[in-house]
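First up is the structure itself, then whatever we jot down about it.
FYI, it's all coordinate maths here, none of it is from the lab. In this text the structure is predicted, and so the values were computed from the model without any measurement. Neighbour counts run over all protein chains shown; Cβ positions are idealised from the backbone, glycine included.
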Amino acid sequence: MSGAPARTLLLWCPDWPVLAAEIVDGVPATDPVAVLHANRVVACSERARAEGVRRGLRRREAQGRCPQLTVVDHDPARDARAFEPVVAAVEEVVAGVEVIRPGACALAARGPSRYLGGEEAAAERIVEHVAQTCAVESQVGIADGVFAAGLAARDGRIVAPGGTPEFLAGLPVEALGRPTLTDLLRRLGVRTLGDFAALPAGDVLARFGFDGALAHRLAAGRDHRPLAVRQPPADLTVTADHDEPIDRVDAAAFAARTLAEQLHERLAAHGLACTRLGIEAVTAHGQELHRVWRHDGLLTAAAIADRVRWQLDGWLSGSNGRGGARPARPTAGIIRLRLVPDGVLAQAGLQPGLWGETGEERERAHRALSRVQGILGPEAVVTAVLGGGRSPADQVRLVPWGDERLPARPGPPPLPTAEPPPPAAAPERAVSTRSRAPVPPWPGRIPPPAPAVVLPTPLPAAVHDAAGEPVVVSARLAVSAAPARLTVGAGRPAEITGWVGPWPVDERWWAPAEARRRARFQVCLADGAALLLAVEGGRWLVEAIYD
């Protein structure tokens, strides 16, 4: 580790989590506001500090000092989202910005100072531009190294070149931002960064480890970490303006194909594939239409064109193509069409599919299925997505080919191998799941193996014991007798040679109109068939068939 720290300009927005809550959620930052994480204050507004609220206080103590305190949960995603316009505003003045954290970004000071007439002029220009563009107050600090520049920004100070060690020497050790190390240094009598920097580096490494040695270098002003400047994202959006409004589907399809080819070429030039495609349209009367299509990332120009055509067909004909109410047609034709790659990834990162790696064979299959969709519509080709649920019918969701393969509900973790055997090997006795540990997040889920055929409409059945009496399952899941014979519909009775259950399900009990309570059994018949049965409201049903 050698070399002198580079002159660094750091822009800092005080109380950024509070400002982000105001920008995103509308919480007034001028009121007493505290942002909490793990029941402790991590940031607070100026008015809250005036009432005695400080970082590190517990929620109850903070509310005791300021009864009118507004409490906001800590949300790093919200902070980062709100800070993006600030970074973009800084990039409009200077290039090569690194985001340190939401609320702070840094850049090399040499370029802006030479271009804008000095470090002080550069700092004033950036602060003024951020205030005018984003209505956000900020402070700038300039020093040798990112660490010292961040501390200088707290006072809006410009540290002279070479004066960073002297500037740091008088600051308390709490400035390191390492509470455990700070507490230990305090108990050892080390109270300032200058005292800490005066300790021998070898002794610091032996006593405090690598992190302590790194903190020691920072305290001595030897922070020479190079800035990891962020690259502004490439503009991948493609737009087409039309003098004559488009109000026919055939004309819209032609415009969609031309624009889709442009988008595909632009993505290919950057080695990217699209996972979410935003389709935007503006009509001659100023009406704005927007829809996002999700897919698996194997994007071709034809696939883009098909999705744009489907969406334009839905808008222009007033049909959404998926059933339900028909939306109203636009009051005028489309004069502007825009395609926005809302989510992209590297083509090399595409997940292998049924036909292997992304390549010729998979693309051929994709083209064939997409062609069928182009002729018959997006719902003509569907693929199954396995997810969570307590019944086999609940665990499979059919999505149009090419759409994002996300389950309708989250699935459980993989089950251990020590699951109950299939019905053919099951003992002839009832085994209640109350004695088995539930499998989160779907207690009562049918264990593997999964049935080969799930009936779209369960078949009525009757189950009797050896004496010919109907088998009844009580509210406490007690089985009246061992099942001996099964009759499906008007068919002949079949002997039950093995069975296991019940698996109870009591769903949505809080909504009487949607509540459902049933128990399920796996049974094996004398002819080798295995079935999944359910009893609900005293009625037996055949839900699925095992292979």
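Among 144-155, 32-43, 450-461, how do they line up from the highest to the lowest mean number of other beta-carbon atoms within 10 Å?
Those peptides, ordered most packed to least, come out 144-155, 32-43, 450-461.
HN-Hα J couplings of region 207-217 from phi, Karplus 6.51/-1.76/1.60, θ = phi - 60°, integer Hz, Gly and Pro as x?
Couplings: 8, 10, x, 5, 4, x, 5, 5, 4, 5, 5 Hz.
Any idea which of V94, A123, G145 is furthest toward the positive side of the dipole for region 89-166, if Lys and Arg beta-carbons carry +1 and Asp and Glu beta-carbons -1?
Highest projection toward the positive end goes to G145.
Along the Cα-to-C-beta direction of V292, a point sits 7 Å from the Cα; which residues of region 235-275 have their amide N less than 19 Å from that point?
Residues 235-238, 273-275 fall inside that zone.
Under a Cβ-Cβ cut-off of 15 Å, what is the net charge of the residues other than L184 that fall near it, where Lys and Arg count +1 and Asp and Glu count -1?
Around L184, the surrounding residues sum to 0.
Hey, can you grab everything whose amide H is under 5 Å from the amide H of A43? Only 5+ residues off in sequence or another chain; H modelled, so Pro and N-termini drop out.
Placed amide hydrogens put V35 under 5 Å from A43.
Return the sequence-ordered ³J(HN,Hα) values of region 41-56 in whole Hz as given by the Karplus equation 6.51 cos²θ - 1.76 cosθ + 1.60 applied to θ = phi - 60°, using x for Gly and Pro.
Running phi through 6.51 cos²θ - 1.76 cosθ + 1.60 with θ = phi - 60° gives 6, 10, 6, 8, 7, 4, 5, 5, 5, 5, 8, x, 6, 9, 4, x Hz.
Is there a quick way to get the dipole size of region 77-159? I mean about its Cα centre, with the Cβ of Lys and Arg at +1 and of Asp and Glu at -1; what is the value in debye to the nearest 20?
Dipole of region 77-159, to the nearest 20 debye: 160 debye.
So how strong a dipole does region 1-157 carry about its Cα centre when Lys and Arg Cβ are +1 and Asp and Glu Cβ are -1, to the nearest 20 debye?
That gives a dipole near 640 debye.
Taking the highest mean first, how do the peptides 124-136, 303-315 order by number of other beta carbon atoms within 10 angstrom per residue?
Ranked by mean Cβ neighbours within 10 Å, highest first: 303-315, 124-136.
Please report the orientation-averaged projected area of region 32-98, defined via the convex hull of its C-alpha atoms, in nm².
5.4 nm²
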